[in-house]
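K.L.:
There's a structure below that I have some questions on.
The values are calculated or read from the model by the stated rules, or taken from the named source; none is laboratory data. What you are looking at is a predicted structure, and each value in this text was computed from that prediction instead of being measured. Because the Cβ atoms are built from the backbone with ideal geometry, glycine has one as well, and the counts that use them run over all protein chains shown.
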Amino acid sequence: MGHGGIPWHVAGQPGAWRAHGWGGAGRAECRLWWVSHVNHHSSQEYNLSTAVRQNWTGLLVGTWTPWIALALLGFPPAMILLQQTFNLFYQFWIHTQSVRRLPAWFESIFNTPSHHRVHHGSNPRYLDRNYAGVLIIWDKPFGTFVPECDDEPVQYGIVKNIDTFNPVRIAFHEWAAMLRELIAAHSWREAAGVRLGPPGWRPDGQGLTSERIRNTWLVRAGGGKAVTQSSSRDDALR
């Protein structure tokens, strides 16, 4: 197989899966990466076609950089590319609502349709969760794992849905929004926050970031206010 054969590939898989997890977190929590990845999440439907809504500008903003860590550790480029391909193909089949739950042992180790539905959810409970590509175990020690709740159906899409089928707008609407905020920025610090802060960041701290939406929802839920399945996201946005 070259490059050390099977041992290289076995040794590289955990690193490859973790690199994907870091990249996933970055794409959701850094605006500059989110602008390229948002088109994968903006669909309000969840099926196999969602899997092929890949970004157009990932190379431009450097969403590939987490994989450099594997190269620095000595893994051959061909092996890294193979692992990237495996990650991408594995995740195709989990974009479905037709598979509810798999055996418990599988659900505890691997990314599954149930876990990935959570990742695509815009409910406050599900925002920025389950980043894993293949192994869901990587989310658990970092506190980003949330199971799918049968009594809270996933609301697919993004926090503010764009309601369009125009592919150019789907791919670039967040780019346009970021550029407008950069033009309006009053300082270099504010401009840096727009680019490198989480989606929704505002210099006054009142932006609708995932963390703020989730905290607002938790406070209201804990305070005795019912957060219903249909209104949980909308209530948290008010």
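K.L.:
Which one of these does residue 143 not meet: (1) at pLDDT 95 or above; (2) under 20 Å from residue 209 (Cβ atoms); (3) of a type in the set (Gly, Ala, Ser)?
P.N.:
If we test residue 143 against (1) at pLDDT 95 or above; (2) under 20 Å from residue 209 (Cβ atoms); (3) of a type in the set (Gly, Ala, Ser), just (1) comes out false.
K.L.:
A further question follows. Give the residue that is surrounded by the fewest Cβ atoms within 10 Å (Cβ to Cβ), with candidates limited to residues of the range 179-237 that are at pLDDT 95 or above and among the acidic types (Asp, Glu).
P.N.:
Only one residue fits best here, namely 190.
K.L.:
Oh, and also: Which of the helices (runs of 4 or more DSSP H) contained wholly in the range 23-133 include at least 2 residues that are at pLDDT below 95 and not hydrophobic (A, V, I, L, M, F, W, C)?
P.N.:
On the way: elements: 31-41, 48-51, 58-61, 68-72, 77-92, 104-109, 113-119.
Filter on the range 23-133 gives 31-41, 77-92.
K.L.:
Based on what the data block shows, is residue 170 closer than 30 Å to residue 203 by Cβ, touching a residue at least 24 places away in the same chain (Cβ under 8 Å) and assigned to a loop (DSSP other than H, G, I, E, B)?
P.N.:
Values: closer than 30 Å to residue 203 by Cβ: yes; touching a residue at least 24 places away in the same chain (Cβ under 8 Å): yes; assigned to a loop (DSSP other than H, G, I, E, B): no.
Against the criterion (closer than 30 Å to residue 203 by Cβ, touching a residue at least 24 places away in the same chain (Cβ under 8 Å) and assigned to a loop (DSSP other than H, G, I, E, B)), residue 170 does not qualify.
K.L.:
Within the bounds of the range 115-138, is there any residue that is at positive phi and among the polar types (S, T, N, Q)?
P.N.:
Going residue by residue through the range 115-138, those that are at positive phi are 128, 130.
Pick out the ones that are also among the polar types (S, T, N, Q) and you get 130.
Yes, the range 115-138 contains a residue that is at positive phi and among the polar types (S, T, N, Q).
K.L.:
Which one of these does residue 157 not meet: (1) in contact (Cβ under 8 Å) with a residue 12 or more places away in the chain; (2) at negative phi; (3) not charged (D, E, K, R)?
P.N.:
(2)
K.L.:
Next question, about the same structure. Only one residue in 86, 106, 75 is surrounded by fewer than 19 Cβ atoms within 10 Å (Cβ to Cβ), out of contact with any strand residue (DSSP E or B) (no Cβ under 8 Å at 6 or more places or on another chain) and over 26 Å from residue 155 (Cβ atoms). Which one?
P.N.:
Working: 106 fails: over 26 Å from residue 155 (Cβ atoms); 75 fails: surrounded by fewer than 19 Cβ atoms within 10 Å (Cβ to Cβ).
The match here is 86.
K.L.:
When you go through 145, 172, 165 one by one, which is the residue that is under 16 Å from residue 46 (Cα atoms) and among the aromatic types (Phe, Trp, Tyr)?
P.N.:
Values: 145 fails: under 16 Å from residue 46 (Cα atoms); 172 fails: under 16 Å from residue 46 (Cα atoms).
Step by step, each of 145, 172, 165 is checked, and only 165 is under 16 Å from residue 46 (Cα atoms) and among the aromatic types (Phe, Trp, Tyr).
K.L.:
Scan the range 150-159 residue by residue and report those that are more than 15 Å from residue 113 (Cβ to Cβ) and hydrophobic (A, V, I, L, M, F, W, C).
P.N.:
Kept after step one, since they are more than 15 Å from residue 113 (Cβ to Cβ), are these residues of the range 150-159: 151-152, 155, 157-159.
Scanning the range 150-159 gives 158, 159.
K.L.:
In the range 132-148, how many are within 14 Å of residue 112 (Cα to Cα) and free of Cβ contacts under 8 Å to residues at least 40 places away in the same chain? Working first, answer last.
P.N.:
Step one: filter the range 132-148 for residues within 14 Å of residue 112 (Cα to Cα), giving 132-139, 145-148.
So of that shortlist, the ones also free of Cβ contacts under 8 Å to residues at least 40 places away in the same chain come out as 136-137, 145-148.
Looking only at that region, the number is 6.
K.L.:
Taking residue 158 and the conditions (1) part of a helix (DSSP H, G or I); (2) surrounded by 12 or more Cβ atoms within 10 Å (Cβ to Cβ), which numbered condition does it fall short on, given that it satisfies the others?
P.N.:
(1)
K.L.:
Among (1) surrounded by fewer than 20 Cβ atoms within 10 Å (Cβ to Cβ); (2) touching a helix residue (DSSP H, G or I) at 6+ places or on another chain (Cβ under 7 Å); (3) not charged (D, E, K, R), where does residue 141 come up short?
P.N.:
Residue 141 satisfies all of (1) surrounded by fewer than 20 Cβ atoms within 10 Å (Cβ to Cβ); (2) touching a helix residue (DSSP H, G or I) at 6+ places or on another chain (Cβ under 7 Å); (3) not charged (D, E, K, R) except (2).
K.L.:
Now, a different point. Within the set of pairs 6 or more residues apart or between chains, which connect a residue that is crowded, with 17+ Cβ neighbours inside 10 Å inside the range 42-69 to a residue that is aromatic (Phe, Trp, Tyr) and assigned to a helix (DSSP H, G or I) with Cβ atoms less than 7 Å apart?
P.N.:
Sorted first by the residue in the range 42-69, then by its partner, the pairs are 51/92; 61/33; 63/33; 66/22.
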